[in-house]
Amino acid sequence: MACLIGIDLGTSSVRVVALDPAGEILAMHGQEYPIHQPAPGFAEQSPEEWWSAACACLRRVTETVSGTSERVAAIGLSGQMHGLVLLGSDAGPLREAIIWPDTRTADICREWEASPGAQAIGSVSGPGSTARPRTRSCPRTTSATGSAAALQPTSPTHRVRSSST
């Protein structure tokens, strides 16, 4: 029987789930990682920690369900919102990733919004542009939130519904 793998790389944790073709959850595992705040307004994470956590969860899920690794028919990925990962010529990260709750450019964003060209920037980037200054600081939580929580089974017979239901 085929197995489907889902990997959700969230802001505070990664979750990996194995499903059968009918949507039954066969196994699931999650692992948290920290948000580093080396200075006020900074929000960074280590891509190496993401990779390590994702590999550990994938290993745990495939060990839980016998033969999973040989039966994988598809892998689906989802990731956290806007983040900057700078890569070197070796394709490795040059520094920690700057993630979406980082507010270090808030003053620059306010300057851009006040400039005569702000409307032109908005017309290119679209109405959903996140180039708006954030006024709150990065949350210090380490609990899993967001879409990963939606993968929590509510009962032993929990089924994942398709978008057509």
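Work out, in µm²/s and without decimals, the Stokes-Einstein translational diffusion coefficient of region 1-126 at 20 °C, 1.002 mPa s, Rh from Kirkwood over C-alpha pairs. All intermediate terms of the calculation are to be shown ahead of the outcome.
Numbers: Rh = 17.0 Å.
Calculated translational D: 126 µm²/s.
Considering amide H positions built from the backbone, and no H for Pro or chain starts, which residues 5 or more places from Q80, or on another chain, come under 5 Å of its amide H?
L9
Using a Förster distance of 22 Å, how high is the FRET efficiency between E70 and D20, based on the Cβ-Cβ distance and rounded to 0.05?
Values: r = 14 Å, r/R0 = 0.65.
Efficiency, rounded to the nearest 0.05: 0.95.
Between W51 and E63, how many nm apart are label points set 7 Å from Cα along the C-beta direction?
Between W51 and E63, the label points sit 2.1 nm apart.
Please compute the length gained on full extension between T105 and L77, using 0.36 nm multiplied by the number of residues separating them and subtracting their Cα-Cα distance.
Working: separation 28, 0.36 × 28 = 10.08 nm, distance 2.88 nm.
Computed gain between T105 and L77 is 7.2 nm.
Express in nm, to one decimal, how much length is gained between A120 and V85 on full extension, taking 0.36 nm for each residue of separation and deducting their alpha carbon distance.
Details: separation 35, 0.36 × 35 = 12.60 nm, distance 2.67 nm.
Taking A120 through V85 to full extension adds about 9.9 nm, to one decimal.
Rank the residues H29, H36, H82 as a footprinting-exposure proxy: fewest other Cβ atoms within 10 Å of their Cβ go first. All intermediate terms of the calculation are to be shown ahead of the outcome.
Details: H29 19, H36 15, H82 12.
Fewest-to-most ranking of H29, H36, H82: H82, H36, H29.
Once phi is turned into ³J(HN,Hα) by the Karplus curve 6.51 cos²θ - 1.76 cosθ + 1.60 with θ = phi - 60°, what whole-Hz value does each residue of region 103-110 show in order, with x for glycine and proline?
Values per residue, Gly and Pro as x: 10, 5, 9, 4, 5, 5, 4, 4 Hz.
Here, each number is a calculation from the coordinates, and none is a lab measurement. What you are looking at is a predicted structure, and each value in this text was computed from that prediction instead of being measured. With ideal geometry, Cβ positions are generated from the backbone for all residues, glycine too; neighbour counts draw on all protein chains shown.
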